[in-house]
Amino acid sequence: MAASISLGAADIKLGTVWNSLLSFNPNELQHQIIHELRIPRALASAFVGAALAVSGAIMQGMTRNPLASPSIMGVSDGAAFAIAIVFAFIPGLSVLEIMSVSFLGAGLGALLVFSIAFAAKGTLSPVKLALAGVAVGALLDSISTGIAIHFNVAQDISFWFAGGLTGVTWAQVQWLIPAFFIGLLLALFISRSITILSLGDEVAIGLGQQTILIKTIATISVLLLTGAAVSVAGAVGFIGLIIPHVTRYIVGVDYRVVIPCSAIFGALLLVVADIGSRMVNPPFETPVGAITALVGVPFFLYLARQDRRGL
């Protein structure tokens, strides 16, 4: 976080960052940059990364699908699609209204993916679900691009398509943090049940779990976390895919531990990726979604290969 606040187009010494926190001087340009640009961006990157990682952990535990994540299951693309429609037809909405629309879009994307996957013949394998997510994501992304071009709002929404944290404001952070903590508390509330559910529906029902209720709460948590994250940072991919696997490898499969640790590791990954996006081609910025994709795509292909017999 300190490095994220310090590094950028104009590098600022850590001592200056510390002084601005202790004694803010509104007449000092670097203090203004720190308080109005760097701190909101650093906080947003941490909370967005944590939200996407927790969403991925919940989805993987709930569906028993190692390929499940907001970016692959159509949730992120659905949120970005809803934002594209808003920019084209209802411009000028507030931060809260954009976030609410993002929640609805995330739900639409998830609904389309699972509807197509359940309609397919044969068993619902992880790869089939992932393929449905990729197809729906590509469809929603194409429609969003068409809307952007036709209504001449491509420049306005290109940020959400690429995924980035440039220009994050305090107003966005102030709504992102409550949405994150509500989603996280819901996830922690059902974390023990997610652990049991990850063993299979039959086992969960046999142990007295109300699987429909648990999945409903889990879905609400995912939509809150992903919708809030996409409304602030756009469709940043693969964090929800990578981090839960790494977390389970380190701490085990108890979701009472997996969920909070995923939040920490997800925050760490996106903060580091955001720093990298500023360092690749200074003073210009590379979309942070491109940085996470460099790590995420090979990881996704590895997981798909491990499950190739489920096609």
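Values as computed for the structure displayed
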item: Any helices (runs of 4 or more DSSP H) falling wholly within region 199-296 and containing at least 3 residues that are without any contact (Cβ under 8 Å) to a residue 60 or more places away in the chain and within 20 Å of Ile72 (Cβ to Cβ); result: 239-251
item: Any pair with Cβ under 6 angstrom, 6 or more apart, that starts in region 1-29 at a residue that is touching a residue at least 40 places away in the same chain (Cβ under 8 Å) and ends at one that is surrounded by 11 or more Cβ atoms within 10 Å (Cβ to Cβ); result: Met1/Ala42; Ala3/Ile275; Ser4/Ala42; Ser4/Val271; Ser4/Ile275; Leu7/Ile275; Gly8/Arg278
item: Positions within region 243-302 being among the polar types (S, T, N, Q), closer than 20 Å to Asn65 by Cβ and surrounded by fewer than 21 Cβ atoms within 10 Å (Cβ to Cβ), in sequence order; result: none
item: Residues of region 65-112 that turn out to be more than 24 Å from Ser158 (Cα to Cα), aliphatic (A, V, I, L, M) and modelled with pLDDT under 85, as a count; result: 2
item: Count - residues of region 1-58 that are in a helix (DSSP H, G or I) and closer than 30 Å to Ser69 by Cα; result: 26
item: Qualifying positions in region 76-90 - surrounded by 22 or more Cβ atoms within 10 Å (Cβ to Cβ) and of a type in the set (Gly, Ala, Ser); result: Ser76, Gly78, Ala79, Ala80, Ala82, Ala84
item: Filtered residues of region 142-173 (kept if in a loop (DSSP other than H, G, I, E, B) and either within 19 Å of the chain's Cα centre (by Cα) or in contact (Cβ under 8 Å) with a residue 60 or more places away in the chain (or both)); result: Phe151, Val153, Gly163, Gly164, Leu165, Thr166, Gly167, Val168, Thr169
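The values are calculated or read from the model by the stated rules, or taken from the named source; none is laboratory data. All of these numbers come straight from a predicted model, not from anything done at the bench. Heads up, the Cβs are rebuilt from the backbone with ideal geometry, glycines too, and the neighbour counts pull from every protein chain shown.
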